[in-house]
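First up is the structure itself, then whatever we jot down about it.
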Amino acid sequence: MTEIELRGVQKWFGSLQVIKDFNLSIAGNEFIVMLGQSGCGKTTTLRAIAGLETIDEGDILIDGKPVQHLKCSDRDIAMVFQSFSLYPHMTVYENIAFPLRATRTSRGDIDEAVREIAKVLRITHLLDRKPSALSGGDMQRVAIGRALVRQPKAMLMDEPIGALDAKLREEMRAEIKRLHIKQGSTTIYVTHDQVEAMSLADRIVIMHEGVLQQVGTPEEVYARPQNLFVAQFVGSPVMNVMPARVREEAGSARVTVDDAAEGFQFPRELLMKLNGHAPEDTLALGVRPEGILVSREPREGYLPVEAQIIEPLGSHDIVDLRVGEGMLRARTPAGFVPRAGEQVHARIDPVQAHFFDTRDGKSLGVRL
Ligand SMILES: Nc1ncnc2c1ncn2[C@@H]1O[C@H](COP(=O)(O)OP(=O)(O)OP(=O)(O)O)[C@@H](O)[C@H]1O
Ligand SMILES: [Mg+2]
């Protein structure tokens, strides 16, 4: 049950600041996923926690004790990288046993530990093979086994399955999750694949240009993004975000997006909740594709729109609807809109609408 905490961590490479005032508390046994674009500082943060990289300011605490001055080997943290490096001349068994051989573990205990971890990772039948006779997925299983065999305080994984093909990644994802449930070690897992992040994480840490943007459960970061970056980074297809104007009309609120002629109907309470933000030129409305309700027939509160492009995805379609100067991407049941060019009717589900201030990108926290 190892707790990890980062307090005000800053890191520069020359004049480039790659970690900016980073604060995060990780609970014992928690599975944290760090998600962000290439170059946002994920690997550097992980290496700093492991002790492979120094930090310029702040504290890194393991179980409440500052460790930033400790060497990597004194932190008892295991790390798995994307490019796994197994010793080619050793068997799988010897590769996994290697970290224990350096300690004063007895032969019998080593054997027990290797066989136990091999069983969990389902590679017992491969123990006598050399790495060259393994598939990519099995090699990565061995690399994970080698990292976990000495039961480290924490496990850091940097895109451990990024190099594998899609099907194998899915399989390994399930495996890693199973392993975590069984072994239960504090884990920080880096990826830029959001599906991987959503499916593995207890909490997701979203980073952008060295700045932590939001920490939350997968549900939280999806349903309540704190800013435009998170809103448009999480979710596929991305959240629709459009400049919006809000006014009162016939007892309800009307939200006009992208200078369209007509506005979408919202409950009147939106006017109060926006609290003076409505007349500004800085309001943006965000709505995910599933938050746009589409009807083939005219309906109360729905606006007529043209379906311009239909993207069939098997289980559902993504339909581009022309609204004013812009385009709203809606999710519909497969085949719901029969042809591109049809006129349909759309409305924005008020409870799925997000409002942002475009000056700082922050969510206004308005929920209906
Ligand atoms: N040793 C180094 N010296 C100088 N700059 C570095 C060094 N290591 C990383 N950087 C820079 O720091 C920034 C953050 O790099 P980092 O590797 O942490 O990003 P990342 O989020 O892991 O990206 P990726 O998804 O591509 O792995 C990048 O701009 C990178 O070029
Ligand atoms: Mg990296």
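The values are calculated or read from the model by the stated rules, or taken from the named source; none is laboratory data. Note that the structure is a prediction, hence the values are computed from the model and not measured. Virtual Cβ from ideal backbone geometry, glycine too; neighbours counted across all protein chains shown. Surface accessibility is based on the protein's heavy atoms, side chains included, excluding ligands, DNA and RNA. Shrake-Rupley method; radii C 1.70, N 1.55, O 1.52, S 1.80 Å.
Quick notes on this structure:
- Verdict on SER73 being assigned by TED's automatic domain parsing to the domain that holds ARG173, more than 16 Å from ligand 2 (Cβ to nearest atom), within 21 Å of MET157 (Cβ to Cβ) and over 20 Å from the mean Cα position of the chain (by Cα): yes
- Among the residues making up the stretch 125-159, a single one is assigned to a loop (DSSP other than H, G, I, E, B) and buried (at least 20 other Cβ atoms within 10 Å of the Cβ): VAL149.
- Screening ASP56 on (1) over 18 Å from ALA143 (Cβ atoms); (2) under 24 Å from the mean Cα position of the chain (by Cα) shows it passes everything except condition (2).
- Members of the stretch 109-150 found to be within 29 Å of the chain's Cα centre (by Cα) and of a type in the set (S, T, N, Q), listed by number: SER135, GLN140
- Candidates in the stretch 84-124 are the residues that are open to solvent by 50 Å² or more (accessible area, probe 1.4 Å) and closer than 20 Å to ALA174 by Cα; of these, the one that is modelled with the lowest pLDDT is PHE84.
- Residue that is at pLDDT 95 or above and within 16 Å of ligand 2 (Cβ to nearest atom), where the choices are PHE31, PHE22: PHE22
Here's the yes/no breakdown for (1) among the β-branched types (Val, Ile, Thr); (2) open to solvent by less than 10 Å² (accessible area, probe 1.4 Å):
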position: GLY36; (1), (2): no, yes
position: THR43; (1), (2): yes, no
position: ILE49; (1), (2): yes, yes
position: THR54; (1), (2): yes, no
position: LYS71; (1), (2): no, no
position: MET79; (1), (2): no, no
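- Restricting the search to strands (runs of 3 or more DSSP E) fully inside the stretch 172-281 and requiring at least 3 residues that are open to solvent by 10 Å² or more (accessible area, probe 1.4 Å) and not assigned by TED's automatic domain parsing to the domain that holds ALA143 gives 240-249, 252-257.
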